[in-house]
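Structure record follows, encoded as structure tokens.
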Amino acid sequence: EDQVTQSPEALRLQEGESSSLNCSYTVSGLRGLFWYRQDPGKGPEFLFTLYSAGEEKEKERLKATLTKKESFLHITAPKPEDSATYLCAPPLWLIFGAGTRLAVHP
Amino acid sequence: EAQVTQNPRYLITVTGKKLTVTCSQNMNHEYMSWYRQDPGLGLRQIYYSMNVEVTDKGDVPEGYKVSRKEKRNFPLILESPSPNQTSLYFCASSPKSQGMNEQFFGPGTRLTVL
């Protein structure tokens with residue numbers, strides 16, 4: 001059965017404290033991955049597409065990387081406005097991970 | 001403004017009373033889909049449509065129907081809602097059904113079935 005696992009479920013950081021979120025999936029025969037951000041009460045908002053292992057994408061304080069089996073979303077010197085739930089999804093969009101709830105405190 | 005709209009945003013209903021949640025996009029996208037989001041389970045796809053008159057089941061289609069008569073609209077129909085369909089529902093669209101294209105999501109519809 002296809003599975004997408006994100007860890008940790010929740011993460012609390014102080015402003016400026018860098019960390020990483022993980023996404024692993026067992027969808028066989030597929031390459032690539034999407035990352036989305038979801039704010040409370042809103043629909044997910046697209047962040048990145050990673051097409052193949054070894055690829056990296058950056059946007060402001062976020063950097064996404066992809067290996068053959070997992071992806072990382074690195075957050076460098078986060079600010080309170082980075083607080084959100086971050087979701088990942090493999091291609092075909094059938095399932096998304098349950099997400100990591102990130103809270104960044106001043 | 002390019003967007004995906006859903007109506008209603010909130011709905012409380014009773015078991016067995018048919019309901020429709022509308023979804024519309026103004027970006028001329030080919031691909032549209034419906035998801036439900038439940039705590040701890042993430043987003044799960046209910047149905048998707050690659051173009052007008054072309055629909056297919058996603059990961060959790062039981063108890064739902066869809067139709068795609070126009071490119072811009074993709075309504076979700078619950079013929080006989082049950083309490084286990086209480087959830088947060090999202091409609092999404094994408095320019096193409098093939099390849100690694102991003103999806104644009106609507107604001108969500110929170111459904112409660114009593």
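The values are calculated or read from the model by the stated rules, or taken from the named source; none is laboratory data. Since we're looking at a predicted model, the values are computed, not measured. Heads up, the Cβs are rebuilt from the backbone with ideal geometry, glycines too, and the neighbour counts pull from every protein chain shown. Just so you know, the surface numbers come from the protein's heavy atoms only, side chains and all, with ligands and any DNA or RNA stripped out. Shrake-Rupley method; radii C 1.70, N 1.55, O 1.52, S 1.80 Å.
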Inset, instruction - Scan the stretch A:55-69 residue by residue and report those that are closer than 15 Å to A:S24 by Cα and open to solvent by 60 Å² or more (accessible area, probe 1.4 Å). - result: A:T67, A:K68, A:K69
Legend entry - Subset of the stretch A:17-61 (residues that are touching a Leu at 6+ places or on another chain (Cβ under 8 Å), among the small types (G, A, S) and farther than 11 Å from A:L73 by Cα): A:G32, A:S52, A:A53, A:G54
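Yes or no, residue by residue, for (1) within 14 Å of another protein chain (Cβ to nearest Cβ); (2) surrounded by fewer than 16 Cβ atoms within 10 Å (Cβ to Cβ):
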{"position": "B:M27", "(1), (2)": "yes, yes"}
{"position": "B:G42", "(1), (2)": "yes, no"}
{"position": "B:V54", "(1), (2)": "no, yes"}
{"position": "B:G63", "(1), (2)": "no, yes"}
{"position": "B:K69", "(1), (2)": "no, yes"}
Inset, instruction - For residues that are surrounded by fewer than 19 Cβ atoms within 10 Å (Cβ to Cβ) and touching a Phe, Trp or Tyr at 6+ places or on another chain (Cβ under 8 Å), tally how many sit in the stretch B:71-90. - result: 1
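Does B:P8 satisfy being within 14 Å of another protein chain (Cβ to nearest Cβ), open to solvent by 10 Å² or more (accessible area, probe 1.4 Å) and not hydrophobic (A, V, I, L, M, F, W, C)?
Numbers: within 14 Å of another protein chain (Cβ to nearest Cβ): no; open to solvent by 10 Å² or more (accessible area, probe 1.4 Å): yes; not hydrophobic (A, V, I, L, M, F, W, C): yes.
In short, no.
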Inset, instruction - Select from the stretch A:31-54 the residues that are of a type in the set (K, R) and either touching a Gly at 6+ places or on another chain (Cβ under 7 Å) or open to solvent by 60 Å² or more (accessible area, probe 1.4 Å) (or both) and list them in ascending order. - result: A:R31, A:K42
Inset, instruction - Please identify the pairs in which a residue from the stretch A:50-73 that is over 12 Å from A:L21 (Cα atoms) has its Cβ atom under 7 Å from the Cβ atom of a residue that is in a strand (DSSP E or B) and open to solvent by 60 Å² or more (accessible area, probe 1.4 Å), counting only partners at least 6 apart or on another chain. - result: A:L50/A:K57; A:E56/A:K63
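Just for strands (runs of 3 or more DSSP E) wholly inside the stretch A:13-106: which have at least 1 residues that are under 20 Å from B:M32 (Cα atoms), among the small types (G, A, S) and facing another protein chain (nearest Cβ under 9 Å)?
On the way: elements: A:19-25, A:33-38, A:45-50, A:56-59, A:62-66, A:70-75, A:84-89, A:100-105.
Because the criterion is at least 1 residues that are under 20 Å from B:M32 (Cα atoms), among the small types (G, A, S) and facing another protein chain (nearest Cβ under 9 Å), the strands (runs of 3 or more DSSP E) in the stretch A:13-106 that meet it are A:84-89.
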Legend entry - Residues located in the stretch A:71-106, provided they are closer than 28 Å to B:M50 by Cα and open to solvent by 40 Å² or more (accessible area, probe 1.4 Å): A:L92, A:L94, A:A98
Inset, instruction - Could you list all residues from the stretch B:29-40 that are touching a Lys or Arg at 6+ places or on another chain (Cβ under 8 Å), within 21 Å of B:S87 (Cβ to Cβ) and open to solvent by 30 Å² or more (accessible area, probe 1.4 Å)? - result: B:Q37
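Which members of the stretch B:56-91 meet the condition of being in contact with a His (Cβ under 9 Å, 6 or more places away or on another chain) and within 23 Å of A:A89 (Cβ to Cβ)?
Step one: filter the stretch B:56-91 for residues in contact with a His (Cβ under 9 Å, 6 or more places away or on another chain), giving B:71-72.
Passing the criteria: none in range.
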